[in-house]
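The structure appears below as structure tokens.
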Amino acid sequence: MPIPITIPGRELYDEANNRFIDIPTTTVVLEHSLISLSKWEAKWHKAYLTDKKKTKEEVTDYYRSMVVGQKPVDPLVFLCLTRKNRQDIENYINDPMTATTFSRQNAKGRREIITNELIYYWMAELGIPFQPCEKWHLNHLLTLINVASIKRQPSKKMSPSSIAKRNHALNAARRKQHGTRG
């Protein structure tokens, strides 16, 4: 689900040409998606989804990569982003876009570097169609991939003690339901 952001106009000074440039107020529609991620990684030749700190230029360029559904936007518009614009965009990027949650117990110790190609691979492996999913909010897509991966795993066998506890609880519930002692 894309988000519209209105960037206020400003007057910028071009030192190289010794002139002022008027940037009009502009509304852009941004989409944090696999396509946006692919555009950014193709330009910067590194993974975006890492804990490594990104420069302001890299972050701003990711915002440019997120623009959808309109004519090309003057790149100078992104120099006019306000603190609130940046916060709104970051809130949108970090929104899980789903009610699904995962327990921490399933988290593996080793972290893999996730790139757009790896996400496309996961989609292909799991039979998730590229279209329309590559335009979904990235967090929503990653949640679907996680759910599909979990559901594909074989069910875990119960230990004998777990089976005995489950049967004991089922028998107790049946005795209570039918008013018997055994």
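The values are calculated or read from the model by the stated rules, or taken from the named source; none is laboratory data. Every value quoted in this text rests on a predicted model; they were computed, and no experiment measured them. Here Cβ is always computed from backbone atoms with ideal geometry, including for glycine, and neighbour counts include all displayed protein chains.
Of all residues in the range 12-34, those that are touching a residue at least 60 places away in the same chain (Cβ under 8 Å) have Cβ atoms under 9 Å from Cβ atoms of residues that are in a strand (DSSP E or B) and not β-branched (V, I, T), 6 or more apart or on another chain, in L12/F20; L12/D22; L30/P4.
Of all the listed residues (K151, K157), the sole one being assigned to a helix (DSSP H, G or I), of a type outside the set (A, V, I, L, M), over 17 Å from M1 (Cα atoms) and without any contact (Cβ under 8 Å) to a residue 12 or more places away in the chain is K151.
Taken over the range 59-96, the criterion of being surrounded by 10 or more Cβ atoms within 10 Å (Cβ to Cβ) and modelled with pLDDT under 85 is satisfied by Q70 alone.
Just one of the listed residues (R175, R166, R181) is touching a Lys or Arg at 6+ places or on another chain (Cβ under 9 Å), modelled with pLDDT under 85, more than 19 Å from H32 (Cβ to Cβ) and assigned to a helix (DSSP H, G or I), and it is R175. I'd like to check something: does the range 37-48 contain any residue that is in a loop (DSSP other than H, G, I, E, B) and exposed (fewer than 12 other Cβ atoms within 10 Å of the Cβ)? The answer is yes, given that some residue of the range 37-48 is in a loop (DSSP other than H, G, I, E, B) and exposed (fewer than 12 other Cβ atoms within 10 Å of the Cβ).
Inside the range 53-82, residues that are assigned to a helix (DSSP H, G or I), out of contact with any strand residue (DSSP E or B) (no Cβ under 8 Å at 6 or more places or on another chain) and more than 13 Å from I5 (Cβ to Cβ) make up a count of 8.
Report yes if L141 is in contact with a Cys (Cβ under 7 Å, 6 or more places away or on another chain) and outside any loop (DSSP other than H, G, I, E, B), otherwise no. Yes, satisfied.
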